[in-house]
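The values are calculated or read from the model by the stated rules, or taken from the named source; none is laboratory data. These figures come from a predicted structure and were not determined experimentally. Methodologically, a virtual Cβ is constructed for each residue, glycine included, from the backbone with ideal geometry; neighbour enumeration extends over all protein chains shown. With ligands, DNA and RNA removed, areas are computed over all heavy atoms of the protein, side chains included. Shrake-Rupley method; radii C 1.70, N 1.55, O 1.52, S 1.80 Å.
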Amino acid sequence: MTPRSRVAPVVPLVVFLIVTISAALLLTYAAGSAQPAVGQDNPVRGPRMTLGTDSRSGHRYIRIGGSGAPVYPTVDLACDGQRWTLALTRSEDGAVYEISRANVGLILNAIECRLFLPDQEIVVSRQQLWAAWASPHQGAGGAAPQILVGQVVDIVDGNTILVNLGERAETVRYIGINTLQPPRKPPSPEPGLGEAVQANRQLVARQQVRMELDTQERDRDGRLLAYVYVADRMVNAELVRRGSAEVMTVQPNVRHRELFVTLEQEARDNRRGLWADPSEPTTPPTVEPASRQIAETRRGVAPENAWACPVQQPVKGQATSYTGAGRCVYHVPDGELYGATKAERCYATVEDARQDGCVASRR
């Protein structure tokens with residue numbers, strides 16, 4: 001009789017263990033293969049947002065792209081509680097949504113913006129917006145200016161206010177303008193205040209204001225220097241437009257200087273406020289009349305093409321579009337008609353355009 005092997009009972013057990021372990025290893029490998037490996041080129045797919053400016057028209061736009069990104073007929077953009085619905089402009093190179101010129105300034109001055117897609121919300125930072133959309137004459141070097149928000153508690157004079165910032169109060173001087181009004185010591189309201197003080201009070205009294213700082217934060221008296229906004233209106237610019245203030249440029253705070261110069265010329269031409277006296281000349285003393293340029297070299301340069309000016313000379317002049325005064329019309333980059341205007345002469349600054357005989361466009 002053949003003796004029974006002691007190994008026989010162990011064999012089935014060993015086979016079972018081998019099969020079980022092999023199956024477990026195969027399942028582990030399969031599960032591991034379903035995950036993206038670290039370091040491999042396996043990007044997350046989905047919508048990707050980019051901001052840009054059309055080199056020909058100057059229009060700002062938002063592009064939604066990326067592999068397999070859907071094309072939506074509209075998207076929503078919300079900034080500081082104000083919301084716009086953007087219609088699809090084109091879709092050949094991603095879904096492109098243009099921003100109207102009237103809204104660009106509001107968006108750039110907002111504290112926070114968000115883009116709403118049907119299935120996604122994208123935060124758009126101020127740094128992104130300024131880096132992509134700020135014009136050269138805004139002078140921020142691609143960096144978004146600092147913004148402060150506070151409550152007006154007193155009107156010091158035509159171009160100065162006292163603002164409560166919560167943890168402190170600040171005396172705020174408007175950048176780029178001068179109202180030529182003698183200051184008073186707050187708080188002591190008195191009758192007979194000048195027109196500029198009244199205009200300033202009408203615009204900002206007891207209002208929440210947004211203050212945009214420039215390169216230099218304070219003047220030698222320690223006052224905070226700012227462009228002051230109530231909602232979407234810049235108070236500095238509105239006072240100049242009304243003729244309640246004149247332009248006063250102090251380096252290095254020059255971000256909105258060209259806007260102020262244009263508005264002052266408009267106020268002079270229409271004899272508003274400070275310029276209401278018909279005996280006063282309507283041409284600012286810093287602007288050289290065209291009649292004195294006879295023997296001088298003409299300002300400006302030729303355009304790059306019929307529609308585009310060089311980056312360093314962005315102001316467009318139309319030498320064939322004349323006003324009643326016989327001078328041409330110039331358009332600044334943020335003007336309503338800038339993109340639709342053919343350039344016949346290009347200027348680095350508004351002053352150059354004026355000295356070449358041009359006047360500001362009304363739009």
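Whose amide H sits under 5 Å from the amide H of Val254, counting only residues 5 or more places off or on another chain, with H placed in the peptide plane?
Thr215
Excluding Arg114 itself, calculate the net charge of residues whose Cβ lies under 13 Å from the Cβ of Arg114, where each Lys or Arg counts +1 and each Asp or Glu counts -1. Spell out each step's value before the answer.
Working: positive: Arg83, Arg126; negative: Asp76, Asp80, Glu112, Glu121.
Taking every other residue near Arg114 into account, the sum is -2.
With the crude spin-label approximation of a point 7 Å out along Cα→Cβ, what separation in nm comes out for Ala276 versus Arg233?
Modelled inter-label distance: 1.8 nm.
Amide H of Cys113: which non-local residues (sequence gap of 5 or more, or other chain) have their own amide H closer than 5 Å, using H built in the peptide plane?
Val124
Keeping every protein chain in place, order Glu121, Glu92 by accessible area at 1.4 Å, biggest value first, i.e. largest first.
Glu92, Glu121
What is the set of long-range amide H partners of Cys358 at a cut-off below 5 Å, with H atoms built 1.01 Å from backbone N?
Amide H neighbours of Cys358: Cys328.
Looking at region 46-137, which trypsin sites (Lys or Arg not before Pro) are in a loop (DSSP not H, G, I, E or B) and have at most 13 other Cβ atoms within 10 Å? Walk me through the numbers on the way to the answer.
Working: sites: Arg48, Arg56, Arg60, Arg63, Arg83, Arg90, Arg101, Arg114, Arg126; in loops: Arg56.
Filter output for region 46-137: Arg56.
Over the heavy atoms of Ile155, what accessible area does a 1.4 Å probe trace out, to the nearest 10 Å²?
Accessible area, nearest 10 Å²: 0 Å².
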